[in-house]
Each structure stands twice: as C-alpha cells, then as structure tokens.
Amino acid sequence: MPLTQFVVRRLILLLPVLVGMSIVVFLLMRLVPGDPASVILGLRATPQGLAVIRDQLGLDLPITQQYLHWVGNLLQGDLGQDYRSNIPVTTLLADRLPVTIELTLLALVLALVIAIPLGVRAGVRQRGLADKGAMTLGLLGISIPDFWLGIMLILALSLGLGLFPSSGFVPLSDGLFANLRSLFLPALTLAVGLSAVLVRVTRAAVAEVQERDFVRFLQAKGLRQRAIVYRHVLRNAGIPIVTVIGLQFGYLLGGAVIVEEVFSLPGVGRLIVSSTLERNYPVVQAGMLVIALMFILVNLATDILYAVLNPKIRDAYR
C-alpha cells in the first residue's frame, strides 16, 4: 500500500476517536461541582443575576443542545470566549500553546539523549556497569513523582547553586540561551520519567535483536561493533522504541500540567488548572481538546514511522 493511502486511512480511523474525545471533554466539565455563574458574580450573586448569566452563557439550555452548539462553533474555528476576561479562547491558546509544545519537545529530546545511548549500551553489554545504571535509572525514574522531583531540582540547582531560574519563562525572541535556560529544569523534570521507561524498553529491544543470526553474520564479516549496533541492531529494535515514545508523549502532556504549575510556566497546562478552579468551561474544554488532538497527531506520526520502518505494516490496513 502506498504511504499516502496509508496516511489517509489512518486519518479516517482517527476521526471517531476525536469525536469521542470531544464528548468526554465536554461532559467532564459538566460533572465538576460548581456553577460558572456563581464564580463570575461571586459575593454579588443573586437568583436573578445568576439566571441572567446562565442565559447569556447558554447554560440554561439542555446539555445536548449545549454540546451541539459548542461543536458547531468549533467547526467554524470559534473556541468561545473566556468567561472572566472576555478574551477569545483562540487568543489565549495561541499565547500559551508554544510554551507547552516547546517544553514537551525539549523534554522528549532530553529523554532521548539520556535513554537511547544508555539503553543501547546496556542491551549490548548486559550485566555490565551500563546495564546496572540503566536498571537503576529505570527504577528511580518511575518511582519519583514529577512534582517532588521538580521541587528538589529547584532547591538544588536553582536556589542552591543558582544555575537555573526557579520559575518563569523567557520567550525565544529574547534569546535562545535564556529561553533554554528557563525551560531546562521543567524539561528535565519531565524527561526523567520518560527516560526511565525508554531506557528499559531500549535495553530489552537491543538485547533481543543482538541475539539474532544476522548480527552474528555481520560480526563474522568483520564489521565494527559500533556500525553493527547503530546501523542494523538499533534499526531493527526501533518499532518497540517508537511505540513507547508515541504512547509516553501523552504522559509528557499530562505531566506538563503539573510541571507548569510547579515552575510557574505560562503554558496550556497551567491555564487549564486555573480555569478549572474558575469553572471556565470554554477555556478548559478548548485546552483539553487541543492536548487530546496533539496526542492523536503524535500517534498518527508514530503509525507513519512504523510504516517507514516496516512497510509490511501498511498491508494490515488494506
């Protein structure tokens, strides 16, 4: 099957997932206790005032009608307005989404830099020093909560040594070095958990491929060990590694919500947290839907990479 046709079929299969996600996102906010009208009016709330606000926001309509109205606006590119500031939600997300995307991508790069070389070396030389280091990293990384690790990094590397800022965000327009310096600690906090999972999967995949006959054949031909590992073994071990990266991307997005709060980053995760406390339905719904869409697109990219690594996978969608 041609790669283009494969991509189109995968997109069609993902459409019901996106529709189902929109329903879940919409209903979750309605299950959260609290009334947006009461939050908006605060101490000035009266029965008449609450009724007027609910009518203006469309909260007095049946829930099915509210959902259809929201989806109709989504299809027109209208994500609604912030209840508190009356700023379009599109504007809020456009300001904050680059922070979350950059944080997630930097965390992914750090995790790959840490996990892939260590996992490969551990898989090639089992029961050696690198193997023990990989297993230790895997155990500690999975066990340590993100919020605790973030606080410890702030205490040690920021307040203790003064190497990195403890909070805040420097835009890329103010300089690449300052931007990366402001994001390094939160990205490292996210990367530790992902690298813990990735190093164990890489180790197991490389160790399994290392025992195959074609590796012994390449060794018998006299190829250098480094060339065998990185040109042949790692390529054949790539599918389980890519699988974990795609699945764990959702972990990075979920962890970004906590990490952005710990480091006071102006990202989508922090916006969702504050808007949830304010029962700000349009902002929370749009933010969660954007994160879900990003996760779906990453899974699509993972499937495409599968098809590139192993063209036989495309035949499964005929």
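The values are calculated or read from the model by the stated rules, or taken from the named source; none is laboratory data. These numbers come from a predicted model, not from an experiment. Cβ placement follows ideal geometry from the backbone for every residue including glycine, while neighbour counts extend to all protein chains displayed.
Cβ separations smaller than 6 Å between residues 6+ apart or across chains give the following pairs from the stretch 13-31 residues that are surrounded by 13 or more Cβ atoms within 10 Å (Cβ to Cβ) to residues that are aliphatic (A, V, I, L, M) and in a helix (DSSP H, G or I): Leu14/Ile296; Met21/Ala292; Val25/Met288; Val25/Leu289; Met29/Val284. Taken over the stretch 135-145, the criterion of being out of contact with any Ser or Thr (no Cβ under 8 Å at 6 or more places or on another chain) and in a helix (DSSP H, G or I) is satisfied by Met135, Thr136, Gly138, Leu139, Leu140, Ile142, Ser143. Scanning the stretch 226-259 for residues that are assigned to a helix (DSSP H, G or I), among the aliphatic types (A, V, I, L, M) and farther than 30 Å from Gly150 by Cα gives Ala227, Ile228, Val229, Val233, Leu234, Ile239. Of all the residues that make up the stretch 155-189, how many are closer than 14 Å to Ser264 by Cβ and either without any contact (Cβ under 8 Å) to a residue 40 or more places away in the chain or loosely packed, with under 12 Cβ neighbours inside 10 Å (or both)? Result for the stretch 155-189: 6. Leu223 satisfies every condition listed in (1) part of a helix (DSSP H, G or I); (2) surrounded by fewer than 19 Cβ atoms within 10 Å (Cβ to Cβ) except (1).
Residues that are in a helix (DSSP H, G or I) and modelled with pLDDT under 80 within the stretch 55-85 comprise Asp55, Gln56, Leu57, listed in sequence order.
Determine, yes or no, whether Phe249 is among the hydrophobic types (A, V, I, L, M, F, W, C), surrounded by 17 or more Cβ atoms within 10 Å (Cβ to Cβ), at pLDDT below 80 and closer than 24 Å to Ala111 by Cα. Before the answer, list the steps.
Working: among the hydrophobic types (A, V, I, L, M, F, W, C): yes; surrounded by 17 or more Cβ atoms within 10 Å (Cβ to Cβ): yes; at pLDDT below 80: yes; closer than 24 Å to Ala111 by Cα: yes.
Here the answer is yes, as Phe249 does meet what is asked.
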